[in-house]
Amino acid sequence: GEQLLFSPRAECLDCARPVPPPTPHELSFNNPLGACPECKGFGDVYEIDMDLVIPDPGLSLRQGAIACWRGAKIQRYVRRMHARGEQELGVRLDVPYRDLSDEEKQRVYFGHGHLYGIKDFFDEITRKSYKASNRFMLGRYRSLRPCPECGGTRLNRRARSVKINGLDIAQAGAMPLSELLEFARALALPAHLADIVKIPMREILSRTQYLVDIGLGYLTLWRLSRTLSGGEMQRIHLAAALGSRLTGTLTILDEPTVGLHPRDTERLIRVLHDIRDTGNTVLVVEHDMQVMRAADRIIDMGPGPGQAGGEAVYSGTLKACVSKSQSLTAQYLRGERSVGGRAPRPGEPRDWITIRGARQNNLQSVDAAFPVNRLSCVTGVSGSGKSSLIIDVLYPYIARRTGAATDIRPGDCDTVDNWRVFHSVEMVGQDPIGRTPRANPASFMDILAPIRALFAATPEAKARRIAPGLFSFNSPMGRCEECEGAGFIKIEMQFLADIFVQCEACGGTRYKPEALSIAFRGKTIAEVLALTGAEAASFFFDQPGVLNRLQPLLDVGLGYLRLGQPLNTLSAGEAQRLKIASELGSRARGHILFLFDEPTMGLHPGEVQTFLECADRLLDKGHTVIVIEHNLDVIANADYILDLGPEGGRDGGRIVASGTPAQIAAARKSWTGKFLKQYLKSNGNSKTNGNADGAAPKKRVKR
């Protein structure tokens, strides 16, 4: 009969290699024992990106399709190579690269006879990478690709060989949390093993359930944290607080509804109530009306922003706030004030831009069209594919072709029709705009240059032959040498975060005494930087060079910011509006596509109205605005809406509805339509942007 081989030791029966039991360290890509040896646990490696090497496949080889061969040194060789016959080279030189056969493209890449290959070129550059110019060349034409060894899992083969019910840890980490929860619940283990893993399994089920409850069931455990939105990070921290099951704690949340669809906001409110009901205190900094109406108490700060604020104008129950308070927030809660009144753009759109076959992340071959010179909103529940469509596909595709940014790889799609109507594209996202005290609104808005020129033009400065550079805190001529113009001294705290203390030498003014000895209308340069935007507008009332650069700051409602205020002290909403002000003040010519990612983050309803007015100013200049947004005030006032979903993750990535707010509100399968319908009903039909019959303008897609 058949003979079975057994061994008293854990070893391979074929090669007798010992197989010790795995340890947790060997299942972690952050540990050398578990990390993939090829990518060192990062999951991707740098490879030559043919989309960068051949940015325009419509060009032929003779026309210069290979971008890295356009330099003067290699052009001499390329001309000699092109002088040979096509039969000798084995490649047609005057046919667009996209029309070459696969065999010809292989020859272009690997080389063939007298044809110098792209791989040969970069191999030579790599061998001589000790030269800075060659390192720059490699960085320009390489991009990150999934590691061929581990397939992007970041783990070595031994780590991937450990499986539970046929599932290894990499596959478990790539599952949506909702599916992982079901897998863990259905896991049937022998009694002796179930007893051993009882505590870890309880924690896995509990913590995963919390993440699903707050609307993050579409995320995977191994999703990179840098790809998460601010709202997703907030909710993950919230789930961690829930999972700890502490009582008697104070949980403070700053704008937890950022990136949340109104449906998900309802889930968030239920979670906050659960935390409260288990004996904890929850303090939320928030502008969302849904959250305010679900609160037990309201503390309303104001009455205005900046210097005009800093007071608790109301503190008490929600009911009393609505009935008694006269604050701006209370007026919005009562419905006395509302965001809206924006008139739709007249006439039909003159053009449309169309994304075809978008397949990035969870997008399911989406064809999405947006009208030119209109305010469009991209909506949908969290994880439905909004960022994938706009930030990962549309922005890099146009940015690369217009020269706005060439170092980013567009997401997976077939093409974008009619992109040539735009001269440039601007992405206004949620990235911080200042990490140190050195950056400030005056430098960000480029207001300092004309101010320095005014100081240098004073009689005393002319008599002493002082140049404008003396009034720059970034120049050795005028900056304080102790703090190098920062106004603060950074103290490194070893394992703690660095702290900044005011410079004792200059008292925080940033300047040398020589620079502070010159005054313009009685104020030194340091005193001018201490002015708010509104005060500076009055101070420089007859100086158009300064006023023109100050005006966008006032237009977006940031006139209360001091010109020299460090940017790292701004709130997220203030940072967003400062970016918008910078774009409003830009002198760039041509038709620009402006893309905004959650521009109402951190904005009071009154400030949302200001944003809509700023968007109309951009449209008046002939530009196009596309907004990723969940705020119903903005959605209801848009010219056009593209709603993705119906759910997040694998259940999203499709277009649920598109058209005017009236059309979206009538879409039965749209979560956005459900809440928009309630919003329009409670605020009146005047907010329904579009034609009188609610029909969307006819599309005229230029092919």
In 5 Å bins starting at 0, how do the alpha-carbon pair distances of segment 7-148 split up by percent? 2, 8, 14, 16, 14, 10, 7, 6, 6, 6, 5, 4, 1, 1, 0
Using a 1.4 Å probe, what is the accessible area per residue for segment 331-412, in Å²? 35 Å²
For Cα pairs less than 8 Å apart in space and 6+ apart in sequence, what is the mean separation divided by the residue count of segment 240-365, i.e. the relative contact order in percent? 16 percent
Accessible area per residue of segment 496-622 at 1.4 Å probe, in Å²? 40 Å²
How charged is the neighbourhood of residue 543? Take every other residue with its Cβ under 12 Å from the Cβ of residue 543, and add Lys/Arg as +1 and Asp/Glu as -1. +1
If I stretch the segment between residue 31 and residue 289 completely, what's the gain in nm (0.36 nm per residue apart, minus their alpha carbon distance), one decimal? 88.3 nm
Using the Kirkwood radius over Cα pairs of segment 465-524, the Stokes-Einstein translational diffusion coefficient at 4 °C and 1.567 mPa s, in µm²/s and rounded to a whole number, is 105 µm²/s
For segment 559-631, the Debye formula with one identical point scatterer on each Cα and no solvent gives log10 I(q)/I(0) at q = 0.24 Å⁻¹ as -1.21
Could you check the simple spin-label distance between residue 221 and residue 318, using points 7 Å along Cα→Cβ, in nm with one decimal? 3.7 nm
Computed over all unlike Cα pairs, the Kirkwood hydrodynamic radius of segment 289-385 in Å stands at 17.7 Å
Give the relative contact order (percent, whole number) for the chain; include only Cα pairs under 8 Å separated by 6+ residues. 12 percent
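In debye to the nearest 20, how big a dipole does the chain give about its Cα centre with +1 on each Lys and Arg Cβ and -1 on each Asp and Glu Cβ?
Charge dipole, the chain, about its Cα centre: 1360 debye, nearest 20.
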Could you list, bin by bin from short to long, the percent of Cα-Cα pairs of segment 495-594 in 5 Å steps? 2, 11, 17, 19, 17, 15, 11, 5, 3, 1, 0
Considering the Cα trace of segment 353-465, what is its radius of gyration and what is Dmax, both in angstroms? 21.1, 70
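In whole percent, and with a 1.4 Å probe on the protein chains, what portion of the accessible area of the chain is carbon and sulfur?
The C+S portion of the solvent-accessible surface of the chain is 52 percent.
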Per-selection Kirkwood Rh - segment 404-537 (Cα, Å, 1 d.p.): 17.9 Å
Determine the equivalent ellipsoid of the chain by diagonalising the alpha-carbon gyration tensor, then write out the semi-axes as square roots of 5 times the eigenvalues, largest first, rounded to whole Å. 45, 39, 31
Output wanted: per-residue J couplings in Hz (rounded whole) for segment 151-161, from phi through Karplus 6.51 cos²θ - 1.76 cosθ + 1.60, θ = phi - 60°, x for Gly and Pro. x, x, 6, 6, 10, 7, 5, 4, 5, 7, 7
Expected 222 nm ellipticity per residue - DSSP helices of 4 or more, -39500 (n - 2.57), all of the chain, to 500: -9500 deg cm²/dmol
Give me the one-decimal nm value for the distance between modelled label points at residue 195 and residue 521, 7 Å along each residue's Cα-to-Cβ direction. 8.4 nm
Where chymotrypsin sites (Phe, Trp or Tyr not before Pro) in DSSP loops with at most 10 other Cβ within 10 Å are excluded, longest remaining stretch of the chain: 131-494
From Cα coordinates alone, what are the radius of gyration and Dmax values for segment 192-239 in angstrom? 13.1, 43
Trypsin sites (Lys or Arg not before Pro), restricted to segment 243-323: which are DSSP loop and have at most 12 other Cβ atoms within 10 Å? 245
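Leaving out ligands and nucleic acids, note down the accessible area per residue over segment 65-218 with a 1.4 angstrom probe, in whole Å². Write out the running numbers ahead of the final one.
Numbers: 9080 Å² over 154 residues.
Heavy-atom accessible area per residue stands at 59 Å².
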What is the sum of charges around residue 144, taking Lys and Arg as +1, Asp and Glu as -1, for the other residues whose C-beta is under 10 Å from the C-beta of residue 144? 0
How about residue 462: which aspartates and glutamates have a C-alpha closer than 18 Å to its C-alpha, ignoring those fewer than 8 places off in the same chain? 514
Per DSSP, the loop-located trypsin sites (Lys or Arg not before Pro) within segment 131-240 having at most 11 other beta carbons within 10 Å are 131
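List, in the order given, every pair from 490/512; 40/163; 319/677; 40/119; 163/386 whose Cα-Cα distance in the structure shown is over 27 Å.
163/386
The values are calculated or read from the model by the stated rules, or taken from the named source; none is laboratory data. Predicted, not measured: the structure shown is a model, and the values here were computed from it. Ideal geometry is used to build each Cβ from the backbone, glycine not excepted, and the neighbour counts take in all protein chains shown. Note: accessible area is taken over every heavy atom of the protein model, side chains too, but ligands, DNA and RNA are not part of it. Shrake-Rupley method; radii C 1.70, N 1.55, O 1.52, S 1.80 Å.
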